[in-house]
Amino acid sequence: MTVRNLFLLPGDGIGPEAMAEVRKIITYMNAEMAGGFTTDEGLVGGCAYDAHGAAISDADMAKAMAADAVLFGAVGGPKWDDVPYEVRPEAGLLRLRKDMELFANLRPAICYPALSDASSLKPELVEGLDILIVRELTGGVYFGEPKEIIDLGNGQKRGIDTQVYDTYEIERIAGVAFELARTRGNRVCSMEKRNVMKSGVLWNQVVTATHKAKYSDVALDHMLADAGGMQLVRAPKQFDVIVTDNLFGDMLSDVAAMLTGSLGMLPSASLGSPDAKTGKRKALYEPVHGSAPDIAGKGIANPIAMIASFAMCLRYSFNLVKEADTLEKAIANVLDKGVRTGDIMADGARQVGTVEMGDTILAEFKALSA
Ligand code: NAD
């Protein structure tokens with residue numbers, strides 16, 4: 001039987017509460033669907049700092065590197081506001097991304113029909129929305145050198161960040177976008193600022209060349225990133241897959257996120273290069289939200305972003321496409337039936353806590369899988 005190694009890092013705040021609901025689904029899949037998942041669990045963030053004085057221990061880092069996929073909850077909270085910068089809770093996530101070389105960040109923006117009223121846009125603009133933003137995660141202006149503030153000696157200072165991309169970085173992120181497009185609507189829109197940035201000119205050239213060389217069956221468009229932002233709020237359903245750099249991706253994915261309603265609904269995946277021998281990509285799946293200290297421990301957090309992150313894991317790390325579709329359908333059905341956590345509550349709906357939301361989705365998943 002296939003063995004699938006999952007490393008769970010629930011983290012802080014609502015992370016462990018949301019992860020508990022995923023664990024139930026894993027247990028069910030192992031018992032009834034030959035899931036074959038083995039799970040190990042570690043500490044990340046503030047809880048790791050309390051235990052080891054580091055945001056993730058070397059031992060847990062090694063487990064993350066060896067796993068087929070990492071499921072990550074959330075980190076941080078006021079308790080650790082004053083810990084030294086290098087060991088702050090977020091440093092655990094940054095180390096995971098860096099050491100696992102997770103260069104491709106996938107953020108789907110899906111608007112469940114039952115939640116179209118929760119969007120800041122008109123329901124008809126977002127109902128049925130299903131777009132995927134593929135953001136380059138390890139290069140660009142957040143990492144380019146020089147990166148500094150220099151004193152000009154005349155009472156002025158100068159802040160410098162450097163936007164820099166090499167051909168290989170653009171090729172590999174474009175490849176991920178084209179490959180994912182083939183599993184969806186077969187369309188990619190690449191966004192940059194070639195009108196004012198040299199890195200944008202190169203981005204455009206490399207995406208075009210990659211498309212021509214290997215992916216000409218996929219439809220490709222180019223859009224300036226500012227126009228792309230405008231189109232995302234004007235007519236978001238025109239997009240299938242959007243590929244863009246680290247900075248523009250950071251902003252555009254947050255814009256797309258708010259089209260769908262609550263933070264508690266948004267999953268994400270971060271992928272590395274395929275292993276030369278096995279073809280497997282290193283991968284980490286996490287909800288977009290943080291540790292929500294304001295509601296932690298109250299049993300009211302929405303576990304859907306975490307459960308939907310697990311659905312992405314089934315799809316992208318294990319090619320369990322049918323199971324991923326079924327889990328996503330289970331989430332949609334439960335929302336259709338008017339079951340809601342507080343963050344997505346609507347008139348006439350039934351409000352439930354974290355555990356009941358998880359149980360209801362699991363029951364629906366079982367019914368759909370039967
Ligand atoms: P947050 O996402 O934790 O919370 C923002 C708001 O959304 C809060 O009111 C919270 O209650 C609500 N919310 C978030 N997720 C929810 C869910 N699943 N169900 C219901 N409501 C939900 O962001 P924040 O308040 O800016 O940050 C809190 C802590 O989390 C900080 O320490 C921050 O550094 C950390 N953080 C961690 C990550 C991560 O682990 N990837 C991401 C963002 C923030």
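The values are calculated or read from the model by the stated rules, or taken from the named source; none is laboratory data. None of these values were measured; they are calculated from a predicted model. Don't worry about glycine lacking a Cβ; one is built from the backbone with ideal geometry, like all the others, and counts go over all protein chains shown. These area figures cover heavy atoms from the full protein model, side chains too; ligands, DNA and RNA do not enter into them. Shrake-Rupley method; radii C 1.70, N 1.55, O 1.52, S 1.80 Å.
Structural remarks
- Taking a ≥ b ≥ c as the square roots of the Cα gyration tensor eigenvalues, the stretch 130-259 comes out prolate, since a/c reaches at least 1.5 and a/b is larger than b/c.
- Counting protein heavy atoms only, the stretch 130-259 has 54 percent of its accessible area on carbon and sulfur, 1.4 angstrom probe.
- Under 5 Å from the amide H of H222 lie the amide H atoms of S190, each residue being 5 or more positions distant or on a separate chain, with H modelled from the backbone and absent for Pro and chain starts.
- In this structure the amide hydrogen of I242, modeled in the peptide plane, comes within under 5 Å of the amide hydrogens of L132, I133, V134, C189, none closer than 5 places in sequence on its chain.
- Set of aspartates and glutamates with alpha-carbon distance to K237 below 12 Å, sequence-local pairs under 8 removed: E124, E127, D130
- Accessible surface computed residue by residue for the chain, with neighbouring protein chains in place and a 1.4 Å probe, gives 44 Å² per residue.
- Scoring 6-19, 152-165 by mean Cβ neighbours within 10 Å over their residues and listing the highest first yields 6-19, 152-165.
- Among beta bridges that DSSP assigns inside the stretch 240-370, antiparallel share in %, nearest 5: 75
- Whether the stretch 1-67 is rounded, prolate or oblate, judged on the alpha carbon gyration tensor where a/c under 1.5 counts as rounded: oblate
- Tensor-based shape of the chain (alpha-carbon gyration tensor, a/c under 1.5 rounded, otherwise prolate or oblate): rounded
- Take 264-270, 349-355 and order them by the average number of nearby Cβ atoms within 10 Å per residue, most first; the result is 264-270, 349-355.
- Of the peptides 47-55, 241-249, the order by per-residue mean of other Cβ atoms within 10 Å, starting with the highest, comes out as 241-249, 47-55.
- Distance violations [Cα-Cα > 24 Å] among K214/K322; K157/K193; K79/K298; K24/K63; K63/K98; K147/K214: K214/K322; K157/K193; K147/K214
- Candidates I150, G139, V206 compared by Cα position along the dipole of the stretch 130-259: farthest toward the positive end lies V206, with charges placed on Cβ.
- Kyte-Doolittle mean at least 0.5 and Cα axial length at least 15 Å: DSSP H helices in the chain: 246-258, 304-316
- GNM result for the chain, Cα springs below 10 Å: residue of I25, I133, I304 fluctuating most strongly: I25
- Computed [θ] at 222 nm, deg cm²/dmol, the chain (DSSP H ≥ 4; -39,500 (n - 2.57); rounded to nearest 500): -12500 deg cm²/dmol
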